[in-house]
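As structure tokens, the structure follows; a few thoughts come after it.
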Amino acid sequence: MASTEEKDLYELGETPPLGHVPKQMYASLIRQERFGEPRSAFAIEVVDVPTPGPKQALVWVMAAGVNYNNVWAALGRPVDVIAARQRRGATEDFHIGGSDASGIVWAVGDEVTNVKVGDEVVISCGMWDEDAPDIAAGGDPAYSPTYKIWGYEENYGSFAQFTLANRLQLHTKPKQLTWEAAAAYMLVGATAYRQLLGWPPHVVEEGDPVLIWGGAGGLGSMAIQITKARGGIPIAVVSHPDKYEFCLQLGAKGVINRKDFEHWGRLPDVDDADAFGKWMQGARAFGQKFWDALGERRSPKIVFEHPGEATIPTSIFMVDNGGMVVICAGTSGYNADVDLRYLWMRQKRLQGSHFATRDQCEAFNDMVARGEVDPVLSRTFPFTGVGDAHQLMRENQHPPGNMSILVNAPRVGMTEVP
Ligand code: NAP
């Protein structure tokens, strides 16, 4: 409820007068002594509201999105994000995660002209120093040493009443979406957009088959829709028939159950003919399933990767001659084997990809605003559920699609400001 009173701290569900910045806020945050399972790593505490720098904005968070990066932050591995920030000079001994948000601009720095107080925005998670020489010279910000992920590598993410974002992270909230749906899509969607459209000449075009791992997951659900919107043919992989219908509804032409196969993980030694032959049998059978799902004997032009160690050997084997395996994570492990014979003889490309540029975020946001991509919000948690939502994700027990947390929005289904 909107308050007319200027206070130092507002309870969840209370809204300060527009533009009044209280001294303190509630945040669901991680401390080093709580590193471990997400359920107990997050706790709600009161901390000071940060002050925006000249090119930054303070945003009143209506809802926050749930992403895998804060599973890693909670575990404290592979990177202790608090220690890493302190090594770069940060003084805070806590981590406020949250790399997706919808909300209202509440205060802006002196050099912010692209948004004003009161604007309804979604926030993308790529942060960089606009004045860094490589970026000022027109370089891709995602290549810059200054490129960081907000709410993971940088503090003051969206699991708090206020978040701090750079001006280039702010995008117009699609009007038709509720606060919680608007908080659900940008991180996974813009990542998938860059993977599928950011690496010419390997971009999805009319009629291109695309193999999508984790089709019912956050990235996969976006990749299916982007591929479909571009006229490509998405074939999704999942781990249970329960997820088939979800992928087909989003536009997948076919779905493969990875549990029907056993050849996952690192490649056997190439000199071990028996083991290698068995691996090859598995990979070929998987390839046959792909052709069955596609309805023709064509290989994928692009393989949309993120599981990593478990699937890379199959992805490299599967992708068409001259095609691309594009990867943004190694959820199952980082020691992925590549049989170089396939890579060079068949002139395949293995491409790393990491989040997105502002232009890519804007282009993806336009697809959502036009209704070409749905955020596929599957479940919304209250502010007390930050740890539970991440625990579900850690155990791969989360529902298909994307999850959100209500922060200042008092209930689901709202598009207006309370
Ligand atoms: P998600 O919603 O959990 O989806 C991942 C899907 O991968 C799961 O639904 C699961 O589907 C599938 N999967 C899990 N283990 C697998 C395995 N061993 N083999 C094959 N498939 C497996 O997570 P997400 O949001 O899509 O993120 C996935 C990964 O990408 C995370 O590690 C995340 O940190 C990373 N990521 C990176 C960036 C970036 O910019 N670099 C951006 C977004 C996400 P099934 O069990 O149904 O197969």
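Among the residues of the stretch 231-241, those identified as of a type outside the set (Gly, Ala, Ser), over 15 Å from Pro399 (Cβ atoms) and open to solvent by less than 10 Å² (accessible area, probe 1.4 Å) are Pro234, Ile235, Val237. Looking across the stretch 261-284, the residues that are within 16 Å of the ligand (Cβ to nearest atom) and open to solvent by 30 Å² or more (accessible area, probe 1.4 Å) come down to Glu262, Trp264, Arg266, Leu267. Only residues that are within 16 Å of the ligand (Cβ to nearest atom) and either part of a loop (DSSP other than H, G, I, E, B) or surrounded by fewer than 24 Cβ atoms within 10 Å (Cβ to Cβ) (or both): list them for the stretch 201-230, please. Selection gives Trp213, Gly214, Gly215, Ala216, Gly217.
For the stretch 340-362, the criterion of a residue being in contact with a helix residue (DSSP H, G or I) (Cβ under 7 Å, 6 or more places away or on another chain) and of a type in the set (Lys, Arg) is satisfied by at least one position.
The residues in the stretch 238-286 that are among the aliphatic types (A, V, I, L, M) and touching a residue at least 60 places away in the same chain (Cβ under 8 Å) can be counted, and the count is 3.
Candidates are the residues of the stretch 177-200 that are assigned to a loop (DSSP other than H, G, I, E, B) and within 16 Å of the ligand (Cβ to nearest atom); the one that is farthest from Asp366 (Cα to Cα) is Trp199. Taken over the stretch 151-176, the criterion of being of a type in the set (Lys, Arg) and either open to solvent by less than 30 Å² (accessible area, probe 1.4 Å) or part of a strand (DSSP E or B) (or both) is satisfied by Lys173 alone.
Can you tell me which residue within the stretch 360-395, out of those that are away from the ligand (no atom under 16 Å from the Cβ) and free of Cβ contacts under 8 Å to residues at least 12 places away in the same chain, is least open to solvent (accessible area, probe 1.4 Å)? Checking each candidate, the answer is Asp366.
Here Pro50, Pro78, Pro54, Pro133 are screened, and the one residue that is of a type outside the set (S, T, N, Q) and at pLDDT below 95 is Pro78.
The values are calculated or read from the model by the stated rules, or taken from the named source; none is laboratory data. The structure displayed is predicted, hence computed values, not measured ones. Neighbour counts are summed over all protein chains in view; Cβ atoms, including those assigned to glycine, are modelled from backbone coordinates with ideal geometry. The protein model used for the area step is the full one, side chains on, heavy atoms only, and it has no ligands, DNA or RNA in it. Shrake-Rupley method; radii C 1.70, N 1.55, O 1.52, S 1.80 Å.
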